[in-house]
Amino acid sequence: MGAEVVVVDNGSTDRSIPLIHDCFPTVRVVENRQNEGFAAGCNIGIRASRGDVIVLLNNDAVPEPGWLAELVAALEPDSVAIASSIIHDPRFPEAYALGTATVSVIGHPIPSVLADASRPFYATGCSLAFKRAIVGEPFEDRYFAYYEDLLLSWRTRLIGFDVARALRSSVQHLGSATARRDPGLAAYYYERNKLLTLLACYEAWTLWRLLPLYLFDGVARLVDDCRHLITRPSSGPAELTRLVRRYARIVGGLLWLMGHVRYVARLRRKIQKKRTIPDGAITPMLSGKIFDDHSPTTPHRIANLISMRYCRAVGIVTAEFAEVRPGGTDTLADRGSLPAPRS
């Protein structure tokens, strides 16, 4: 299939640009003087494009044959605004290629929760397609990296459109090759953007009910990290230093939010103003767990049990908890009275 190709160079210092010009002369290159981050970099490239359907592909992702046609085909239903590919990542078991479909109610990626693999809660930005007429400019520039794809999917769902996964479109992801250069910085954006997304997308009453769970999650993760530090034979001063630096970056992200209250409020107003779907139809697509099952441990299972029971106690319906209706029906729509997507 024919496609316009735009490459955004985020201030690279190697020979990327001359290589593209020499080997792929029909490709349009947008040169940024500095690294604008994934979110702003994508927005810049999208402004330079002309298509009605936009496809984003990470610089550390290698598409497999048929990737593009299948991904675009997933957008054909009028109710679908965003679609993503299956992401094969060497860091995780192969089951996770279909598992990264949703997040916990406090924003952590949780695999293997939703029953329909073709209907994830969010589309990962690694390989993503969307309809420009519905989505517009997809990302918030200030996100830089991490959670920009979740915010995009969440706000799109709030206006009544659906997210799909193209089950015959696959890419090989090299595992956050760029982010590994500075894991502390990744922790900063991860925590900051996670909380920013929750603050922007949830209704006020949901936020108040989830505040104790967010605090519990922070304590549980700190205790879990300290336990690993103490029990691992290989742990030493270097490991302690890395842990302290990571938590310092996390605190830095929280302080950024406190120092940018006006921006947070403005983003929240923009999203809440357009919403037509209540949180009661959103949380049944989210997980009540706070830890995933990649490396299950007894403390993780206990923390997840506490988390899910807390959600049930405060009336937040999650994907794991469904009221079984008379006659034994137990569908996702039953769980949250999901409205039909707007066409």
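Scanning the stretch 214-253 for residues that are assigned to a helix (DSSP H, G or I), over 27 Å from residue 145 (Cα atoms) and basic (Lys, Arg) gives a single hit, 227. Only residues that are modelled with pLDDT of 90 or more and among the polar types (S, T, N, Q): list them for the stretch 11-34, please. Those that are modelled with pLDDT of 90 or more and among the polar types (S, T, N, Q): 26, 32, 34. How many residues are more than 20 Å from residue 120 (Cβ to Cβ), of a type in the set (A, V, I, L, M) and in contact (Cβ under 8 Å) with a residue 60 or more places away in the chain if we restrict to the stretch 272-315? So the answer is 3. Where the second residue is crowded, with 16+ Cβ neighbours inside 10 Å and the first is at positive phi and lies in the stretch 60-74, which pairs have Cβ atoms under 8 Å and are six or more apart or on separate chains? Here the result reads 66/169, each pair linking the stretch 60-74 to a residue that is crowded, with 16+ Cβ neighbours inside 10 Å. List the number of the failed condition for residue 64; all other conditions in (1) surrounded by 15 or more Cβ atoms within 10 Å (Cβ to Cβ); (2) within 16 Å of residue 169 (Cα to Cα); (3) over 21 Å from the mean Cα position of the chain (by Cα) hold. Going through the list (1) surrounded by 15 or more Cβ atoms within 10 Å (Cβ to Cβ); (2) within 16 Å of residue 169 (Cα to Cα); (3) over 21 Å from the mean Cα position of the chain (by Cα), residue 64 breaks only (1). Applying the set (1) more than 17 Å from residue 194 (Cβ to Cβ); (2) buried (at least 20 other Cβ atoms within 10 Å of the Cβ) to residue 288 leaves exactly one unmet item: (1). The condition of being basic (Lys, Arg) and under 19 Å from residue 158 (Cβ atoms) holds for only one of 33, 91, 132, 50, that being 132.
Residues in the stretch 1-27 that are surrounded by 15 or more Cβ atoms within 10 Å (Cβ to Cβ) and more than 25 Å from the chain's Cα centre (by Cα): 2 in all.
Matching residues to (1) of a type in the set (S, T, N, Q); (2) assigned to a helix (DSSP H, G or I); (3) within 18 Å of the chain's Cα centre (by Cα):
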| residue | (1), (2), (3) |
| --- | --- |
| 264 | no, yes, no |
| 268 | no, yes, yes |
| 272 | yes, yes, no |
| 289 | no, no, yes |
| 299 | no, yes, no |
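So which residues in the stretch 221-241 are over 26 Å from residue 306 (Cα atoms) and surrounded by 13 or more Cβ atoms within 10 Å (Cβ to Cβ)? Residues satisfying the conditions are 235, 239. Scanning the stretch 42-53 for residues that are surrounded by fewer than 20 Cβ atoms within 10 Å (Cβ to Cβ) and under 18 Å from the mean Cα position of the chain (by Cα) gives a single hit, 43.
Yes/no matrix, rows are residues, columns are (1) at pLDDT below 95; (2) farther than 17 Å from residue 79 by Cβ; (3) not aliphatic (A, V, I, L, M):
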| site | (1), (2), (3) |
| --- | --- |
| 125 | yes, yes, yes |
| 130 | no, no, yes |
| 134 | no, no, no |
| 142 | no, yes, yes |
| 147 | no, yes, yes |
| 152 | no, no, no |
| 155 | no, no, yes |
| 160 | no, no, yes |
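The values are calculated or read from the model by the stated rules, or taken from the named source; none is laboratory data. Note that this is a predicted model, so its numbers are computed, not measured. FYI the Cβ positions are ideal-geometry reconstructions off the backbone, even for glycines, and counts take in every protein chain you see.
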